[in-house]
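Asker: Okay, here's the structure, questions in a sec.
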Amino acid sequence: MQSEKRRRDVQRILTRALVLEIMLISATNASAGTAAEPETPWWRQQKIVFMWGQWNYARVDKSVDYWIGELPREHFRHVARSGGTVFAEKVGMVKGHAYRPAHARHAHDFGLKYFVTRYVGLPRYKVSPHDSGRKWVNERGEEPGGQYNCTLEPERYEKWLVEPILEGVRQGLIDGIHVDWENYRGTHECGICYCDICFSRFLQFKKIEADLPAKPDRFPWLNQQDLVVAYKQNFHDRRYEMFTALRKKLHAANPDLMFSSYDVLRPSHDGGHGLYAPAWDYVRAMHTPRTSYWTPDIMARTIASHGGSPTVRG
Ligand SMILES: [Zn+2]
């Protein structure tokens with residue numbers, strides 16, 4: 001009798017424990033179901049296998065421009081079958097072109113993400129009637145070749161990076177923006193600018209009342225005043241703010257839009273700061289805790305060598 005009672009007690013305790021456990025599981029599930037956890041982004045669900053090449057050879061109509069020819073739908077199947085997970089567009093290498101909606105749809109149909117390429121040499125063009133077209137001025141007060149524009153003119157960068165693709169980002173056609181920083185025969189973006197506007201802005205920032213020195217005298221003047229570091233830091237800060245504002249416009253259209261590039265560390269040979277300094281302002285602005293700035297492995301190792309995060313280089 002005693003043992004029968006003990007058996008019933010144990011059974012009762014086990015039953016209560018089981019009911020409690022089921023309730024806990026239900027509560028856990030309920031809280032998991034209602035929690036505002038952001039969805040795991042696609043790049044954490046799959047490996048990024050970035051395919052960026054001269055697709056143009058595959059165009060069907062050979063009469064159109066090599067760079068902007070439309071690619072056959074089968075081409076995207078081949079890229080996916082070869083293991084790619086990201087298809088990077090090339091038509092953005094040409095002025096006036098950014099992406100092809102049909103390419104984006106083909107890529108998505110075969111499970112590929114679609115990145116546009118923005119060629120960094122393009123901002124040097126005069127992009128709109130509102131673009132001042134003012135020239136980049138280097139430390140020696142020169143405008144090398146007369147072909148580079150000021151590197152701190154938000155209007156031009158907005159016309160280059162945001163406007164041509166904003167609608168495609170909003171529609172979910174574009175998953176990322178890949179910037180090609182490579183210096184093709186001197187067609188890259190330049191570094192710190194000492195043009196009238198940039199230099200005057202710095203004087204205002206420092207509340208210095210001085211006449212604007214002649215172009216060749218500006219850098220020596222900064223040296224005399226021990227302001228070279230301050231000038232460069234201020235320039236990087238303004239560039240970071242400019243790119244951050246552009247990123248926010250794009251992320252407002254798609255919070256998971258990703259930014260990538262490769263090879264941003266090659267120094268320029270034309271007396272400017274070349275790709276080195278300007279690229280970092282962009283990288284810092286486009287990197288967020290959710291949308292990590294993405295680069296090939298070689299780039300990640302370089303970032304690690306600079307202390308684990310992008311740094312400003314003067
Ligand atoms: Zn300037």
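Asker: What residue, among those in segment 193-220 that are buried (at least 17 other Cβ atoms within 10 Å of the Cβ) and aromatic (F, W, Y), is farthest from the ligand (Cβ to nearest atom)?
Answerer: The selected residue is F219.
Asker: Would you tally the residues in segment 54-90 being within 19 Å of the chain's Cα centre (by Cα) and of a type outside the set (V, I, T)?
Answerer: Within segment 54-90, the subset within 19 Å of the chain's Cα centre (by Cα) is 85-90.
So of that shortlist, the ones also of a type outside the set (V, I, T) come out as 87-90.
So the count comes out to 4.
Asker: If I filter segment 253-273 for residues that are closer than 16 Å to L152 by Cβ and either at pLDDT below 95 or within 16 Å of the ligand (Cβ to nearest atom) (or both), do I get at least one hit?
Answerer: Restricting attention to segment 253-273, the residues satisfying the condition of being closer than 16 Å to L152 by Cβ are 272-273.
Subset that is either at pLDDT below 95 or within 16 Å of the ligand (Cβ to nearest atom) (or both): 272-273.
Yes, segment 253-273 contains a residue that is closer than 16 Å to L152 by Cβ and either at pLDDT below 95 or within 16 Å of the ligand (Cβ to nearest atom) (or both).
Asker: Starting from segment 191-203, keep only residues that are over 12 Å from R134 (Cβ atoms), then list their pairs with residues that are among the aromatic types (F, W, Y) and more than 7 Å from the ligand (Cβ to nearest atom) whose Cβ atoms are within a distance under 6 Å, requiring at least 6 positions of separation or different chains.
Answerer: I192/F235; F202/Y231
Asker: Is there a residue in segment 121-133 that is among the aromatic types (F, W, Y) and modelled with pLDDT of 90 or more?
Answerer: Taking segment 121-133 first, the residues among the aromatic types (F, W, Y) are 125.
Those still in the list that are modelled with pLDDT of 90 or more too: none.
No, segment 121-133 contains no residue that is among the aromatic types (F, W, Y) and modelled with pLDDT of 90 or more.
Asker: Taking segment 38-85 on its own, how many of its residues are assigned to a helix (DSSP H, G or I) and free of Cβ contacts under 8 Å to residues at least 60 places away in the same chain?
Answerer: Final tally of qualifying residues: 15.
The values are calculated or read from the model by the stated rules, or taken from the named source; none is laboratory data. This is a predicted model, so every value here is computed, not measured. Every residue, glycine among them, receives a Cβ derived from its backbone with ideal geometry; neighbour counts consider all protein chains shown.
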